[in-house]
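S.K.: Dropping a structure here in structure tokens format, bear with me for questions.
The values are calculated or read from the model by the stated rules, or taken from the named source; none is laboratory data. Keep in mind the model is a prediction, meaning the values are calculated, not measured. Cβ sites come from the backbone with ideal geometry, for glycine too, and all protein chains shown count toward neighbours. For the accessible areas, the whole protein counts, side chains as well, though only heavy atoms, and no ligand, DNA or RNA atoms are used. Shrake-Rupley method; radii C 1.70, N 1.55, O 1.52, S 1.80 Å.
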Amino acid sequence: MEKYQDMSISQLESELAAMEKEYRKFQKMDLSLDMSRGKPCVEQLDLSMGMMDVLNSQVDLTCDDGTDCRNYGVLSGIEEAKELLGDMMENHPDNIIIYGNSSLNVMYDTLSRAMLRGVMGSTPWSKLEACKFLCPVPGYDRHFSMTEYFGIEMIPVPMNDEGPDMDLVEELVTSDDLIKGIWCVPKYANPSGTTYSERTVRRFAKLKPAAKDFRIFWDNAYGVHHLYDEHHDYIPDILRECKRAGHPDMVYKFASTSKITFPGSGIAALATSQNNLVDIKKQLAHQTIGHDKVNQLRHVRFFKDIHGLIVHMRKHADILRPKFEAVNDALENNLKDLGVGTWTKPYGGYFITFYALDGCAKKIIKRAKKAGVTMTEAGATWPYHKDPHDSDIRIAPTYPPLEDLKLAAELFTLCVRIVSAEKILEEKKTLAAPAAEAAKTPEETAK
């Protein structure tokens, strides 16, 4: 199909009339589809139902070292869980704390501790004249909402195919000691699906921040969430790279099983240096006597080891891969040659990002909702919900059933076409108006 920019005004008007007719057909379907969050679908949750059977009142709830998981204690988590999550995160068990169900909660605690108590003896961030965080964009909305809640100033940093713009990151962190951290989703990032390059990871490890208490918040939420067996994105381990670069304390690495087993009933982990662990445990000892060891043991008994977890993730991929491919097919078939946007094609994770023409994202999402498809709010992937281009749209393909998703993808692409054609038509009419006025005869002008 011809690009909309190359169409005449009359061609665009005709195209819009046909698309509006098609849009009304969708409205009559009375759809109610939710693509607003990256939630696992029912079939994915069913994969973990066996976890409900590995423990019962007849089994031994004692760990290999004699720990009784029914009782208090073991602040940093049982050894078996540290080994399982350590293999998943590619970190030594001695560098890991196992928490409760949510890595977001661990991140919140980590920020809160820095605000109230400082980092390894530094001035608490809340007592500084200002506190700033770098935020790669588009990024994870819940990261941004946390820093906003604590009153931390957020500075957007553009993403590219290799990760954040490292020239800008290096410039900012070396010149401003009020910049205390950066949010990172390094593998199959939320929302773009981008994986940081090896070069980017190593540049992170070699940062020389002006602030001694600067920390990289490395949220490796999708470390094992591949879609294809034949293509696994790889990143070097950031803890190892930081240690090699002489900055062992610069990173907090987070992960969980939330999208592996049951969201809300998984286990979360923090991996970091020994110095950071000592600092964290001082506070943690006042917060809890220990997290849910029975749930930790349940995960270990279910997976047995990292190989069991990998097999489990292949089952997730078999469910999700057709959904990602269905969305990509709709985008390719309906939008590829129109010049109305671009999109990512990730090899893992939970999201696809669509980059609409400037000024179109809010209108596209509003159009989709009016026809029964709810998507992530426009601007959510930017700090303060302010996308300066009103362009980024997060697509979450995981939750709807495949056939519903195909319908939603068709509707979404139709909304993109309508809103884009309207924008281009308006621009063409604006440009044509002076020429039309100049072409008028004196008699026509007088009238």
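S.K.: Filter the stretch 27-56 for residues that are in a loop (DSSP other than H, G, I, E, B), open to solvent by less than 20 Å² (accessible area, probe 1.4 Å) and at pLDDT 95 or above; which is farthest from K362 (Cα to Cα)? Steps first, answer last, please.
M.R.: Our first condition is that a residue be in a loop (DSSP other than H, G, I, E, B); within the stretch 27-56, this holds for 28-32, 36-41, 47-50, 55-56.
Applying the additional criterion that residues be open to solvent by less than 20 Å² (accessible area, probe 1.4 Å) yields 38, 40-41, 48.
From the residues that got through so far, the ones that are at pLDDT 95 or above too are 40-41, 48.
On the way: P40: 25, C41: 26, S48: 37 Å.
Residue satisfying both the conditions and the ranking: S48.
S.K.: To continue, here is another question. How about the stretch 349-360: which of its residues are of a type in the set (F, W, Y), farther than 15 Å from R37 by Cβ and crowded, with 20+ Cβ neighbours inside 10 Å?
M.R.: The initial filter retains those residues of the stretch 349-360 that are of a type in the set (F, W, Y), namely 350-351, 354-355.
Keeping just the survivors that are farther than 15 Å from R37 by Cβ gives 354-355.
If the condition is that a residue be of a type in the set (F, W, Y), farther than 15 Å from R37 by Cβ and crowded, with 20+ Cβ neighbours inside 10 Å, then F354 is the only one that fits.
S.K.: Which numbered condition trips up R24, out of (1) of a type in the set (K, R); (2) in contact (Cβ under 8 Å) with a residue 60 or more places away in the chain; (3) over 20 Å from F302 (Cα atoms)?
M.R.: (2)
S.K.: Since H231 meets every condition but one in (1) over 30 Å from E410 (Cβ atoms); (2) open to solvent by 40 Å² or more (accessible area, probe 1.4 Å); (3) out of contact with any strand residue (DSSP E or B) (no Cβ under 6 Å at 6 or more places or on another chain), which condition does it not meet?
M.R.: (1)
S.K.: Hey, any hits in the stretch 370-386 for a residue that's within 15 Å of the chain's Cα centre (by Cα), part of a helix (DSSP H, G or I) and surrounded by 22 or more Cβ atoms within 10 Å (Cβ to Cβ)?
M.R.: Looking through the stretch 370-386, at least one residue is within 15 Å of the chain's Cα centre (by Cα), part of a helix (DSSP H, G or I) and surrounded by 22 or more Cβ atoms within 10 Å (Cβ to Cβ).
S.K.: Among (1) more than 17 Å from the chain's Cα centre (by Cα); (2) part of a loop (DSSP other than H, G, I, E, B); (3) surrounded by 24 or more Cβ atoms within 10 Å (Cβ to Cβ), there is one condition Y196 misses while meeting the rest; what is its number?
M.R.: Among (1) more than 17 Å from the chain's Cα centre (by Cα); (2) part of a loop (DSSP other than H, G, I, E, B); (3) surrounded by 24 or more Cβ atoms within 10 Å (Cβ to Cβ), the lone unmet condition for Y196 is (1).
S.K.: While we're on this one: On the given criteria, is K363 open to solvent by 30 Å² or more (accessible area, probe 1.4 Å), not hydroxyl-bearing (S, T, Y) and not in a loop (DSSP other than H, G, I, E, B)?
M.R.: Numbers: open to solvent by 30 Å² or more (accessible area, probe 1.4 Å): yes; not hydroxyl-bearing (S, T, Y): yes; not in a loop (DSSP other than H, G, I, E, B): yes.
In short, yes.
S.K.: Oh, and also: How about the stretch 393-439: which of its residues are hydrophobic (A, V, I, L, M, F, W, C), part of a helix (DSSP H, G or I) and at pLDDT below 95? Can you show your working first?
M.R.: Going residue by residue through the stretch 393-439, those that are hydrophobic (A, V, I, L, M, F, W, C) are 393, 395-396, 402, 405, 407-409, 411-412, 414-416, 418-419, 421, 424-425, 431-433, 435-436, 438-439.
When the remaining residues are screened for being part of a helix (DSSP H, G or I), the result is 402, 405, 407-409, 411-412, 414-416, 418-419, 421, 424-425, 431-433, 435-436, 438.
Answer for the stretch 393-439, where residues must be hydrophobic (A, V, I, L, M, F, W, C), part of a helix (DSSP H, G or I) and at pLDDT below 95: L431, A432, A433, A435, A436, A438.
S.K.: Is there any pair linking a residue in the stretch 294-319 that is farther than 14 Å from K259 by Cα to one that is open to solvent by less than 70 Å² (accessible area, probe 1.4 Å) and aromatic (F, W, Y), with Cβ under 8 Å and at least six apart or on different chains, and which?
M.R.: G308/F302
S.K.: So how many residues does the stretch 117-147 have that are among the charged types (D, E, K, R) and over 17 Å from the mean Cα position of the chain (by Cα)?
M.R.: Adding up the residues that qualify gives 4.
S.K.: Could you list, in sequence order, all residues of the stretch 238-274 that are of a type in the set (D, E, K, R) and either touching a helix residue (DSSP H, G or I) at 6+ places or on another chain (Cβ under 7 Å) or surrounded by fewer than 19 Cβ atoms within 10 Å (Cβ to Cβ) (or both)?
M.R.: Pass one, the stretch 238-274, residues of a type in the set (D, E, K, R): 240-241, 243-244, 249, 253, 259.
Across the stretch 238-274, the qualifying residues are R240, E241, K243, R244, D249, K253.
S.K.: On to the next question. Quick check on my filter: what residues within the stretch 311-333 are within 15 Å of I393 (Cβ to Cβ) and either more than 21 Å from the chain's Cα centre (by Cα) or open to solvent by 40 Å² or more (accessible area, probe 1.4 Å) (or both)?
M.R.: Residues of the stretch 311-333 that are within 15 Å of I393 (Cβ to Cβ), as a first pass: 327-328, 330-331.
Answer for the stretch 311-333, where residues must be within 15 Å of I393 (Cβ to Cβ) and either more than 21 Å from the chain's Cα centre (by Cα) or open to solvent by 40 Å² or more (accessible area, probe 1.4 Å) (or both): just A330.
S.K.: Six or more apart or on different chains, Cβ atoms under 6 Å: show the pairs whose first residue is in the stretch 155-174 and more than 16 Å from N190 (Cβ to Cβ) and whose second is part of a helix (DSSP H, G or I) and among the basic types (K, R).
M.R.: M166/R203
S.K.: Quick one: is V300 surrounded by 18 or more Cβ atoms within 10 Å (Cβ to Cβ), assigned to a helix (DSSP H, G or I), over 26 Å from the mean Cα position of the chain (by Cα) and of a type in the set (V, I, T)?
M.R.: On the way: surrounded by 18 or more Cβ atoms within 10 Å (Cβ to Cβ): yes; assigned to a helix (DSSP H, G or I): yes; over 26 Å from the mean Cα position of the chain (by Cα): yes; of a type in the set (V, I, T): yes.
Judged against the criteria, V300 is a match.
S.K.: What is the residue count in the stretch 329-356 for residues that are over 27 Å from S145 (Cβ atoms), assigned to a loop (DSSP other than H, G, I, E, B) and hydrophobic (A, V, I, L, M, F, W, C)?
M.R.: 2
S.K.: Oh, and also: Could you look through the stretch 151-193, keep only residues that are open to solvent by 10 Å² or more (accessible area, probe 1.4 Å) and hydroxyl-bearing (S, T, Y), and pick out the one that is nearest to the chain's Cα centre (by Cα)?
M.R.: That would be T174.
S.K.: I'd like the full set of residues that are within 23 Å of E90 (Cβ to Cβ) and open to solvent by 50 Å² or more (accessible area, probe 1.4 Å), limited to the stretch 275-297.
M.R.: The answer is N275, V278, K281.
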